[in-house]
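A quick write-up on the structure given underneath.
The values are calculated or read from the model by the stated rules, or taken from the named source; none is laboratory data. These numbers were taken from a predicted model, which means no experiment stands behind them. For neighbour counting, all protein chains shown are included, and Cβ atoms are generated from backbone atoms with ideal geometry for every residue, glycine included.
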Amino acid sequence: MLQTWKALGQAGIEAAGGLNGVARRDNVPVAALRTYLRADGHLTQFGEDRLNPGGKMEITNAMLHTWKALGQAGIEAAGGLESVAKRDNVRAAALKNYLRADGRLTQRGEDRLASGEKAKVTDAMLQTWNALGQAEIEAAGGLDGVAKRDNVLAATLRTYLRADGSLSQYGEDRLNPGGKATITDAMLRTWKALGQVGIKAAGGLDGVARRDNVPVAALKNYLRADGRLTQRGENRLNPGGKVKITGAMLRT
């Protein structure tokens, strides 16, 4: 399919009614098509990477240090993130997991560089944090201070602990994993009907997860805060509606 799209050229795309027309003709979601194909007929770097996966380099910590030193000006001078990926022979999608267009590493990138120096969050830590309360967190220098004191990544700590001293739903779920319900299609339909207003009224996604007794991490795989189902949720409710782009299709 990608090879067919690559052969279209701009004129072929325009004749088909633009990218929307190509997506409709080939029965694929237009958002998925735009990940791979531009309106000028060129494949995106994602598309090129998928057609030519062999020979790409694994991202190393040395690369992260180099990218971090580039800064926004260096990235722009290289032609943007896709050009940096091409220059260093890595997949653009993989690079974007670690580097932002403004030159900063993502939290994932920062965590990877610091991962060897930080402790893993344990259930014992969660119980200690749960007992702190807001006053003690503030006395420790806020969440960053608690993270520094306990030698854990601040981003990881924030996944479990709030500044007011309460555990997040992730933290509660981890300390009390038993008794959670399995997410069903009926739940997805109920959540889809909530809308943004209904989600806010329930206390946000954490509130919906607590109300329906499901892990919040699992719920967020299917439902967004604006009330829309994620693509994973839509696909689960409508598994036969769209064609998935497969390796076999690429070879046709």
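Annotation: of all residues in region 209-232 being closer than 15 Å to I199 by Cβ and small (G, A, S), the one that is farthest from the chain's Cα centre (by Cα) is A209. With respect to (1) at pLDDT 90 or above; (2) hydrophobic (A, V, I, L, M, F, W, C); (3) outside any loop (DSSP other than H, G, I, E, B), the lone exception for A93 is condition (1). If you go through region 180-189 one residue at a time, do you hit one that is free of Cβ contacts under 8 Å to residues at least 60 places away in the same chain, over 20 Å from R232 (Cα atoms) and of a type outside the set (F, W, Y)? Yes; the residues of region 180-189 include at least one that is free of Cβ contacts under 8 Å to residues at least 60 places away in the same chain, over 20 Å from R232 (Cα atoms) and of a type outside the set (F, W, Y). Among the residues of region 139-155 satisfying the criterion of being free of Cβ contacts under 8 Å to residues at least 12 places away in the same chain and surrounded by 15 or more Cβ atoms within 10 Å (Cβ to Cβ), which is nearest to H65 (Cα to Cα)? Selected residue: A154. Among the residues of region 37-55, is any part of a helix (DSSP H, G or I) and in contact (Cβ under 8 Å) with a residue 60 or more places away in the chain? Yes, region 37-55 has at least one match. Just the residues that are free of Cβ contacts under 8 Å to residues at least 24 places away in the same chain and not hydroxyl-bearing (S, T, Y), please, taken from region 118-134. Matches in region 118-134: A124, A131. Here is a list of conditions, (1) at pLDDT 90 or above; (2) touching a Pro at 6+ places or on another chain (Cβ under 9 Å), and A23 meets all of them except one; can you say which number that is? Failed condition: (1). In contact with a helix residue (DSSP H, G or I) (Cβ under 8 Å, 6 or more places away or on another chain), of a type in the set (G, A, S), modelled with pLDDT of 85 or more and more than 30 Å from L2 (Cα to Cα), is that true of A209? So A209 passes the test. Taking the condition surrounded by 12 or more Cβ atoms within 10 Å (Cβ to Cβ), in contact with a Lys or Arg (Cβ under 7 Å, 6 or more places away or on another chain) and in a loop (DSSP other than H, G, I, E, B), does V121 pass? It is false that V121 is surrounded by 12 or more Cβ atoms within 10 Å (Cβ to Cβ), in contact with a Lys or Arg (Cβ under 7 Å, 6 or more places away or on another chain) and in a loop (DSSP other than H, G, I, E, B).
Among the conditions (1) touching a residue at least 12 places away in the same chain (Cβ under 8 Å); (2) at negative phi, the only one that G18 does not satisfy is (2). Restricting N61, N97, N89 to residues that are closer than 21 Å to R158 by Cβ and either of a type outside the set (F, W, Y) or out of contact with any His (no Cβ under 6 Å at 6 or more places or on another chain) (or both) narrows the list to N97. Of all residues in region 59-112, those satisfying the criterion of being surrounded by fewer than 16 Cβ atoms within 10 Å (Cβ to Cβ) and aliphatic (A, V, I, L, M) are A62, A69, L70, A73, A77, A93, A94, A101.
If only residues of region 156-165 that are charged (D, E, K, R) and surrounded by 14 or more Cβ atoms within 10 Å (Cβ to Cβ) are counted, the one that is farthest from R108 (Cα to Cα) is R162.
Scanning region 84-100 for residues that are within 20 Å of D111 (Cβ to Cβ) and among the basic types (K, R) yields R91, K96, R100.
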